[in-house]
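Remarks on the structure that follows.
Taken together, the values in this text are just the output of simple stated rules run on the coordinates, not laboratory data. Bear in mind the structure is a predicted one, so any value in this text is a computation, not a measurement. Every residue, glycine as well, gets a Cβ built from its backbone with ideal geometry; the counts of neighbours run over all protein chains shown.
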Amino acid sequence: MHFIDKYILKKSIEIYTAIAGRRIIYLDLKYWIILRDGLGEENDTVARKVAHKILELYESGKCIFPVSEAVFWEILKQEDKTSLIKTFQLAERLSEGIAILSDKQREKVEFACWYSTNAKTDDLPMLEKLVWSKLRLISGYFFNSLKVEELPDNLKGAFLDFVCQIPMSTLIDQAEYLIPFSGKDNVEEMNRNKEKHQHENKSRKAMFLSELWGVLDCFTNQFNEVVADMYKKTTGFRPTEKELANTDKTAWQKLICQAFKMEKVTNQLPTFKIILALAGAMRWKLIEDIPTEMTRLT
């Protein structure tokens, strides 16, 4: 496990303890903007009332408003720098710089928790304790993960402590934070691919499983890393290169798909389940709409 991942794991438990008892509320970009504008209004508008009520709930210690990686990048889409800074400052204040792990990080943590529930161990991780981080570590994960490895061991933790304290609103003048959207998805190509493969699935469930297999295929290495880490934690040794080479790298991928197929997954692996259910539903809707559209055109 990389040092930054160990640090985030420790930080996550600290954050979970610190916010225990507070209501956790997630806001998308639209509502951050409404709150930002509401605080600046002089008239007694609905937005102003809601914004001040939100502040009251936060300052009373009843609520906290963590930010996700997706919302972070959405905030950066604002072209007016003054508005951008105000939105960041408000989000940092109400979130206390706390962020939920990115999708890829959560999926790895969720697999570790799912694996542990099926392993013979008394040390079962609690998912709700392990999904937290600081926004600076989420938005700059790859940059910070490389930088921290260049430092002596006795400075690594202090470096990441310092990174966590840097307000995002002070960094937006840096080019890498201002141009993350230089390209757009090729929607026409995506739709062509949907139509190309629409005959492969005959039900919503089949469509979901198809989406699931495709995404799990991208996580093969991460799954095996988790199992190797847990093997070391249990035995004190890491698997040898020969053992890893003789392992079916898709074994966990197949097992997870089978578990979903047999409806053995309940509240486990939530990120996989929610995102892929939405993606599968969108593809299935396209299939349902095609006959109706063809009838209309003819």
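Of note:
- Vicinal HN-Hα couplings computed from phi for the stretch 261-276 (Karplus, 6.51 cos²θ - 1.76 cosθ + 1.60; Hz; Gly/Pro x): 4, 8, 6, 8, 9, 9, 9, 8, 6, x, 5, 4, 5, 6, 4, 6
- Computed E for Ala259/Glu42 - FRET, C-beta separation, R0 41 angstrom, nearest 0.05: 0.15
- For Leu76, residues with placed amide H under 5 Å, excluding near neighbours: none
- Placed amide H near Ala99: partners under 5 Å, 5+ positions off or other chain: Val67, Ser133, Lys134, Leu135
- Once C-alpha pairs closer than 8 Å and six or more residues apart are averaged by separation and normalised to the residue number of the stretch 3-96, the relative contact order reads 30 percent.
- Burial ordering of Glu14, Glu225, fewest other beta-carbon atoms within 10 Å first: Glu14, Glu225
- Measuring against 30 Å, Cα to Cα, the residue pairs Lys129/Lys273; Lys156/Lys242; Lys134/Lys261; Lys11/Lys254; Lys62/Lys233 contain Lys156/Lys242; Lys134/Lys261; Lys11/Lys254; Lys62/Lys233 as the ones spanning a longer distance.
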